[in-house]
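Peer 1: Can you read through this structure? Questions will come right after.
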Amino acid sequence: MSDLLTELHIVICIFMFLLGTCVGSFLNVCIFRIPANKSIIFPPSECPDCHTKLSPVDLIPVFGYILLKGKCRYCKKPISVQYPLVEFLTGTIWLLIYLRYGISVETAALLFLYTLLIPVTFIDLKYMIIPNGLVLTGLIGGIVISVYHIFISPFSLYQSSSWYTPFIGMVSASGILFIIAVIGFLIYKNDGAMGMGDVKLFIPIGMILGWKLALLALFLAIVLGGVTSVVLLILKIKEKKSAIPFGPFIALATYITGFFGNQIISWYFSLI
Ligand SMILES: [Zn+2]
């Protein structure tokens, strides 16, 4: 690569990280307001304790928190570490997607999907729900990718040029999870671990990743969730009866699959 291209690449890397932290700042608003059924646009950000409207300096992602030493400028109450964490995480994910797929349609699709899964993760961890608004937002992205795949050019993550790939994706993993949820409901009488939110979440994931990667993501999510449940039980952090949220595992599995899924699948088939 010439010097100019290398420099341009570094500039784009920094830009992606910083833009990601700004998006993360907005995701924090979503994480706090969506479960409370509040608007994510109005009113502007304020301290949850003293309700003072925050100044632009307070709102600088990650660095605002460091400058304020984790305390509100006005009432000195501690600010949740979740704010800088979500901002840093989003910036890192944006940077990694660019490093993996460069400037491409895949990058655009994964920026959308991975970003959406951040509020899904944090809201599910806190409230054990996956809001329908987030699933519907995901569906819009899924429709855009499907239209691109059918009418413009085959979407490379699908590894297929069939027009129906995103539609099989829509029902494959979510369909299997739906059956698991119904069986759980019949056996445990409404106490099954799988919620309908998890089933619905796999509809946009399947449309954006295609059916092969969606099934791999479901498999990985079940493995990761299962291993974590066993560890939490052994460490006695969780009781046997209490369910753990599945959304964070779906997000993590989707991240792994979006980055390496097709390599994992071809590696697996080279073994058998
Ligand atoms: Zn305050």
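The values are calculated or read from the model by the stated rules, or taken from the named source; none is laboratory data. Keep in mind it's a predicted model, so treat the numbers as computed, not measured. Cβ placement follows ideal geometry from the backbone for every residue including glycine, while neighbour counts extend to all protein chains displayed. Just the protein is used for accessible areas: all its heavy atoms, side chains included, with ligands, DNA and RNA removed. Shrake-Rupley method; radii C 1.70, N 1.55, O 1.52, S 1.80 Å.
Peer 1: Can you name the residue in the stretch 258-272 that is touching a helix residue (DSSP H, G or I) at 6+ places or on another chain (Cβ under 8 Å) and surrounded by fewer than 23 Cβ atoms within 10 Å (Cβ to Cβ) and, of all such residues, is nearest to residue 210 (Cα to Cα)?
Peer 2: That would be 262.
Peer 1: Shifting gears a bit: Conditions: (1) touching a helix residue (DSSP H, G or I) at 6+ places or on another chain (Cβ under 8 Å); (2) among the hydrophobic types (A, V, I, L, M, F, W, C); (3) assigned to a loop (DSSP other than H, G, I, E, B); (4) touching a residue at least 60 places away in the same chain (Cβ under 8 Å). Residue 243 meets all but one. Number of the miss?
Peer 2: Every condition holds for residue 243 apart from (1).
Peer 1: Still on this structure, please answer the following. Name the single residue that is nearest to the ligand (Cβ to nearest atom) among those in the stretch 65-110 being among the basic types (Lys, Arg) and over 18 Å from the mean Cα position of the chain (by Cα).
Peer 2: Selected residue: 77.
Peer 1: Please work out if residue 255 is within 16 Å of residue 173 (Cβ to Cβ), open to solvent by 30 Å² or more (accessible area, probe 1.4 Å), aromatic (Phe, Trp, Tyr) and in the same structural domain as residue 149 (by TED's automatic domain parsing).
Peer 2: Yes: the conditions hold for residue 255.
Peer 1: Additional query: Please specify each residue of the stretch 2-58 satisfying the condition of being on the phi > 0 side of the Ramachandran plot and more than 16 Å from the ligand (Cβ to nearest atom).
Peer 2: Answer for the stretch 2-58, where residues must be on the phi > 0 side of the Ramachandran plot and more than 16 Å from the ligand (Cβ to nearest atom): just 37.
Peer 1: Could you list, in sequence order, the residues of the stretch 39-64 that are over 27 Å from the mean Cα position of the chain (by Cα), of a type in the set (Ser, Thr, Tyr) and farther than 25 Å from residue 17 by Cα?
Peer 2: Within the stretch 39-64, 52 is the sole residue that qualifies.
Peer 1: Would you please name the residue that is modelled with the highest pLDDT, looking only at residues in the stretch 185-207 that are loosely packed, with under 12 Cβ neighbours inside 10 Å and assigned to a loop (DSSP other than H, G, I, E, B)?
Peer 2: Looking at the filtered set, the residue picked out is 189.
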